[in-house]
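The values are calculated or read from the model by the stated rules, or taken from the named source; none is laboratory data. If you're wondering where the values come from, they're calculated on a predicted model, not measured in any experiment. Methodologically, a virtual Cβ is constructed for each residue, glycine included, from the backbone with ideal geometry; neighbour enumeration extends over all protein chains shown. Accessible surface is based on the protein model in full, side chains and every heavy atom, while ligands, DNA and RNA are left aside. Shrake-Rupley method; radii C 1.70, N 1.55, O 1.52, S 1.80 Å.
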Amino acid sequence: MALADEESMTSKSSQNSQNSQGSRTRLQRATFAAGAALTVVVAGAGAAPGAGAAQENTAGKPKLKLIAASNSVTLDRYEWDGASGVFLDLGTYLSVDDAPLEFKVTRKSYKDPVVAQQILRDGTSTKAKTKTLPAGLVKDFTGLAGFIDVSIKNAAGEEVSATKGTFCPNNASGRIRPDAPATSKYPQSCPTNPFTLGSVWGVEKGWASNTSSIDYDKPVDLPVGEYTAKVGVAKEYRDLFGIPDDQHTIKVTVRSDGEGGEGAGAAASRSSASSAHHGGGNGAGHGAGHDTQTANDPAAAAAAAAHHYGPRGADAPTPPALSHALEDRGLAHHLGDGPGHTDGSRIAPALKPAAERPTGRAGVPADVPKPDLRSLPAWDIAVTDGEDGDAPGKDYLAFSANVWNAGPAPLVVDGFRSPGKDLMDSYQYFYDADGKQVGYTPSGTMEWDPREGHEHWHFTDFASYRLLSEDQTKEVRSGKEAFCLANTDAVDYTVKNANWHPENTDLSTACGQQNSISVREVLDVGSGDTYTQYRPGQSFDITDLPNGTYYIQVIANPENRLQETNTKNNVALRKVVLAGEPGARTVTVPPHDLINAP
């Protein structure tokens, strides 16, 4: 399968990476005892990362090879919430040498298919060649589908499982040589937001990326026992990228959950502790907040893991990719990229607001770069009977929504508190091309939200949600309009000035604590902030609405408190059709152009 050659000039980005890993709605944990897995890759596989590869050393062309961190792994079999099985993290990696492995993945609109291009850099200049991957090979932004072939046989030699795995180049990764770049400039993990517009995938030269793709809703049903796994790269990708046909045989021991010591509750507790975000999502290592109790209570953590709040949890956006090896060793409290931290994980540090509230006359130069806030259509739409404090016996329409920043400048908002008050005065700041602050303007307030599952500072009037009648003249309004801003989803990392590695991805650090005197909240270029409307007062009460067609309306910056480059793209609509009887209402969600994500 040949690539179609296309010449293009591409500027090498100096931006860093962000993660927007796929949803984890249930119990999460690393699935094999891989304490040494990444170390093996770094120390052992680097000797001959391209050995056996029949590849031409063309400038800018990466040398790729499938390697295994270990010849044996131990996996836990879980049973919870009516599901059971094993997550197949077998410790195989794709090593990259000679040149980075890089892709630019885009779509012009939701009416157009996804197009993936490989970027070939020779390292001698900012010039690059692009080669378009065959049409239809890449259908979304989650990675290279069907890249890995995995066959599992039982002790009797019978094949009991045959699967194909999607390879996300941005998976948890590490260096295979000490002279490789200390950190990766590429984003962490591949976007799973159905309305993603553009993504960048990449593995640095001298690094290896975990090839495992785990769907936490679809474990493989393997009883306790001994197995043999055979792992290889699918032929179409071997032919496409010149990867040698290396088949790795791995001994697999499946044990019952808890046999090795942790158990489901502790595993869920660790997941909650290392992924606290909007009530259970993005970022490792959080401060005091609503997840602290959960992290110390395995039973509560297990219950929270099993409870459905939508694909990202109530107020919980996408969690980050965590290095499986270090996660399994319980080191989530100090992970992060930086010198000595090349484990593919990230801590979201607390952002520092200005030392004091601005003084003098507010003003914004006319030519200063500004953010461009845009709404995505709603998704994860479902009828519920009320959760977490909603009135029982009523019907509610819940959904997920995202407002993102198309740039070219980040949205930067500082809040300053008057002592003893539960309100902060907020200010939007503006910067020139050199990063120098050149203006500010008052932008309303921030308020402390004491409710369980929040317990942080919300910027008021960032977005609002309405359920409109078919003729769009009548509405039901959601009570959710105040937000803590964080970069939870990589919506389009191909826009100008996109930051591939924004700092504030963790609400527990980005949004302050009850005793905070000031807070900085940022929505960076290319990223969006997802909220799932399952909390009390956020979903739409449809109990008394007649059946029929409606539209969920998502509005960014509804009161125009924030200055933007463009306010004409702030509204998005998603069609829904309500049916059924009271207490058993249903919702049908037609596709939005080519996006079929109810």
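How much FRET efficiency would the formula 1/(1 + (r/R0)^6) give for E475 and N596, where r is the Cβ-Cβ distance and R0 is 30 Å, rounded to 0.05?
Rounded to the nearest 0.05, the efficiency is 0.70.
Pop out the ³J(HN,Hα) list for region 407-413 in order, Karplus 6.51 cos²θ - 1.76 cosθ + 1.60 with θ = phi - 60°, rounded to Hz; leave Gly and Pro as x.
Along region 407-413, the couplings run x, x, 10, x, 8, 10, 10 Hz.
Please give, to one decimal in nm, the separation of the simple spin-label points placed at K251 and T565, each 7 Å out from Cα toward the Cβ.
Those two pseudo-labels are separated by 5.8 nm.
Short version: ³J(HN,Hα) in whole Hz for each residue of region 83-100, in order, from phi by Karplus 6.51 cos²θ - 1.76 cosθ + 1.60 (θ = phi - 60°), x for Gly and Pro, what are they?
10, 7, x, 10, 9, 8, 9, 9, x, 9, 10, 9, 8, 10, 9, 6, 7, x
Along the Cα→Cβ direction, 7 angstrom out, place labels at V368 and A433. What is the inter-label distance in nm?
Modelled inter-label distance: 1.7 nm.
Full-extension gain between K421 and K235, please, as 0.36 nm times their residue separation minus the C-alpha to C-alpha distance.
60.6 nm
Under the rule of at least 5 residues apart or a separate chain, name every residue whose amide H is placed under 5 Å from the amide H of T445.
S426, T460
What is the distance, in nm, between label points placed 7 Å from the Cα along the Cα-to-Cβ direction at E159 and at K127?
4.7 nm
In terms of modelled amide H atoms, which long-range or inter-chain residues lie less than 5 Å from the amide H of Q538?
Those lying under 5 Å, H to H, from Q538 are G479.
Under a 1.4 Å probe, what is the accessible area of region 355-439 per residue, stated in Å²?
Here the residues of region 355-439 average 43 Å² of exposed surface.
Viscosity 1.002 mPa s, temperature 20 °C: Stokes-Einstein D of region 532-572 from its Kirkwood Cα radius, in µm² per second?
Answer from the Stokes-Einstein relation: 165 µm²/s.
What residues qualify as long-range amide H neighbours of A234, i.e. H under 5 Å apart, gap of 5 or more or another chain, H built at 1.01 Å from N?
The list, which skips near neighbours in sequence, is I148, D149.
Take the Cα of A354, step 7 Å along the line toward its Cβ, and report every residue of region 397-434 whose backbone nitrogen sits under 11 Å from that point.
Counting only backbone N, you get 413-416, 426-431.
For D221 and E581, FRET efficiency with R0 = 35 Å and r from the beta-carbon atoms, rounded to 0.05? Please list the in-between numbers first.
Values: r = 36 Å, r/R0 = 1.04.
The computed FRET efficiency comes out at 0.45.
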